[in-house]
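**Q** Shown below is the structure under consideration.
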Amino acid sequence: MKTLYKKIDPEDFRDEDLDEACEILKSGGLVAFPTETVYGLGGDAERADASEKIYAAKGRPSDNPLIVHIADMDSLYDIAEEIPEQALQVAKAYWPGPLTMIFKKKDKIPDETTGGLDTVAVRMPSHPVARALIRRSGVYIAAPSANTSGRPSPTKACHVKEDLDGKIDMIIDSGPVGIGIESSILDMSVETPMILRPGYIDFDMFRKIVPNVTLDPSLTAGKPSKAIHPKAPGMKYRHYAPKGNMVIVAGHDRKKVAEKINQLAREHELLGARTAVIASDETRSLYEGNGAVVLSTGSRNEPGSVAARLFDILREMDHIGAEYIISESFDDDKMGFAIMNRMLKAAAYHVIKV
Ligand code: TXA
Ligand code: MG
């Protein structure tokens with residue numbers, strides 16, 4: 001299949017510029033498009049065949065449900081049932097934006113879209129191109145992140161191209177996304193609302209509106225075990241992993257962390273393994289001369305900058321052929337919790353504490 005490639009400037013476009021993409025969606029095809037979190041791989045959420053194509057293009061297990069993207073509140077009532085008052089308050093605070101909520105689903109959303117579950121994940125994105133695409137096509141867009149299953153989510157159109165060129169109908173390129181990690185997921189289909197995936201909207205931001213909100217226990221349990229299953233099916237899979245072996249060195253004393261990382265880097269360079277260090281703007285100079293490639297994922301004072309670069313850096317590890325990757329850790333409060341959730345998965349929970 002030839003994948004069409006179209007640039008759309010998010011600050012300067014006309015809705016007509018999206019007509020080709022809308023036609024593809026309406027006829028059951030797949031279009032990768034930008035959202036404020038990561039690029040999504042979109043298809044018509046009401047068509048089982050479109051959802052099946054999404055699973056095939058990504059190589060994604062079909063028990064891992066898709067998020068349905070909408071542009072207004074009427075659409076929520078059209079696809080979901082039993083919408084609690086608290087959910088409306090959360091929606092008022094954080095939609096459109098980097099938030100997904102889970103509800104009981106209506107029959108018009110086929111089982112293929114929800115991986116056989118009787119619930120549906122719904123998100124109202126704020127990205128102008130995503131919103132225009134949903135509105136103009138008149139389609140509820142089922143969209144997982146537009147990466148091959150297991151790889152880091154795409155934060156630039158070139159990441160999508162790297163994974164899905166020739167497998168989907170079209171890629172819309174609107175430049176790098178703003179947030180860089182996927183939406184926070186809040187389960188509103190249960191008695192006590194539960195955060196299933198951390199994101200830009202953190203625990204305290206939810207608690208302001210939903211005082212009884214809880215965290216899926218698997219999010220703080222460390223390495224996944226048979227005893228503790230994450231409730232979001234996608235959270236149980238190996239994810240974000242670069243091809244090289246990745247380890248995180250954690251500790252409060254920056255100097256000790258740097259010493260350990262330098263020691264590991266030298267050891268592995270001596271063994272002939274191409275080694276890379278993931279550092280921050282504040283600490284990168286501590287790793288000069290250890291033989292490894294050193295990349296900064298952003299400033300420790302601005303977790304948003306770290307989130308925005310993280311997946312690009314993880315992909316960069318493959319481009320430079322890194323065989324051994326040593327990363328600093330980041331504070332895991334607020335958005336840092338979401339950042340560390342992604343980093344731990346990328347490192348398959350391999351952590352050295354100093
Ligand atoms: O920011 C985002 O959410 C991006 C953009 C494109 O919107 N999308 C995204 O989709 O990250 P995906 O498919 O990569 O991740 C969706 C997650 C998976 O972990 C999936 O298991 C979970 O949401 N999920 C979807 N429907 C669910 C449901 N009914 N119950 C529990 N978890 C669900
Ligand atoms: Mg994903």
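The values are calculated or read from the model by the stated rules, or taken from the named source; none is laboratory data. Worth saying up front: this structure is predicted, and the values here are computed from it rather than measured. Cβ coordinates were reconstructed from backbone atoms using ideal geometry, including for glycine residues, and neighbour counts include every protein chain displayed. Note: accessible area is taken over every heavy atom of the protein model, side chains too, but ligands, DNA and RNA are not part of it. Shrake-Rupley method; radii C 1.70, N 1.55, O 1.52, S 1.80 Å.
**Q** What is the spin-label model distance, in nm, from residue 62 to residue 349 if the labels are put 7 Å beyond Cα along the C-beta direction?
**A** Simple spin-label model gives 3.0 nm for this pair.
**Q** Could I ask something else about it? Between residue 334 and residue 93, what FRET efficiency comes out of the Förster formula 1/(1 + (r/R0)^6) with R0 = 22 Å and r the beta carbon distance, rounded to 0.05?
**A** Once the sixth-power term is evaluated, E becomes 0.85.
**Q** What Kirkwood hydrodynamic radius, in Å, does region 251-319 give when the mean of 1/r is taken over all pairs of distinct Cα atoms and then inverted?
**A** About 12.6 Å for region 251-319.
**Q** While we're here: In this model, which of 104/167; 53/236; 6/53; 58/108; 7/106 are farther than 26 Å apart at the alpha-carbon?
**A** Listed pairs above 26 Å: 104/167; 7/106.
**Q** Oh, and also: Under unit Cβ charges (Lys, Arg +1; Asp, Glu -1), what dipole magnitude, rounded to 20 debye, does region 73-220 have relative to its Cα centre?
**A** 460
**Q** FRET efficiency for residue 13 and residue 167, Cβ-Cβ distance as r, R0 = 35 Å, nearest 0.05?
**A** Numbers: r = 25 Å, r/R0 = 0.72.
The calculated FRET efficiency here is 0.85.
**Q** Gap in Å between the Cα centre of region 1-45 and the Cα centre of region 94-124?
**A** If you average the Cα positions of each part, the centres end up 20 Å apart.
**Q** Share of Cα-Cα pairs in the chain beyond 26 Å, in percent?
**A** Here the long-distance tail beyond 26 Å is 49 percent of all Cα pairs in the chain.
**Q** Find the accessible area per residue for the chain; the probe is 1.4 Å, ligands and nucleic acids are left out, and the unit is Å².
**A** That works out to 42 Å² per residue.
**Q** When the solvent-accessible surface of protein heavy atoms is calculated with a 1.4 angstrom probe, in what order do 313, 320 fall, highest first?
**A** Details: 313 5, 320 40 Å².
Accessible-area ranking of 313, 320, largest first: 320, 313.
**Q** Rank these residues by their accessible area, most exposed first, probe 1.4 Å: 330, 33.
**A** Reading off the accessible areas and sorting them downward yields 330, 33.
**Q** By how many nm would the segment from residue 27 to residue 78 lengthen if fully extended, with 0.36 nm per residue of separation less the alpha-carbon distance? Present the calculation step by step, with values, prior to reporting the outcome.
**A** On the way: separation 51, 0.36 × 51 = 18.36 nm, distance 2.10 nm.
Taking 0.36 nm per residue and subtracting the Cα distance, the gain is 16.3 nm.
**Q** Suppose R0 equals 41 Å; then what is the FRET efficiency for residue 236 and residue 269 from their Cβ-Cβ distance, rounded to the nearest 0.05?
**A** 0.75
**Q** Can I ask one more? Of the accessible area of region 52-116, with the probe set at 1.4 angstrom, what percent is carbon plus sulfur?
**A** 47
**Q** At a probe radius of 1.4 Å, what is the per-residue accessible area of residue 8, in Å² to the nearest 10?
**A** Approximately 10 Å² for this residue.
**Q** Find, among the chymotrypsin sites (Phe, Trp or Tyr not before Pro) in region 65-123, those assigned to loop by DSSP (not H, G, I, E, B) with at most 13 other beta-carbon atoms within 10 angstrom.
**A** none
**Q** Along the charge dipole of the chain, Cβ charges K/R +1 and D/E -1, which of 126, 13, 290 sits furthest on the positive end?
**A** Toward the positive end, the furthest listed residue is 290.
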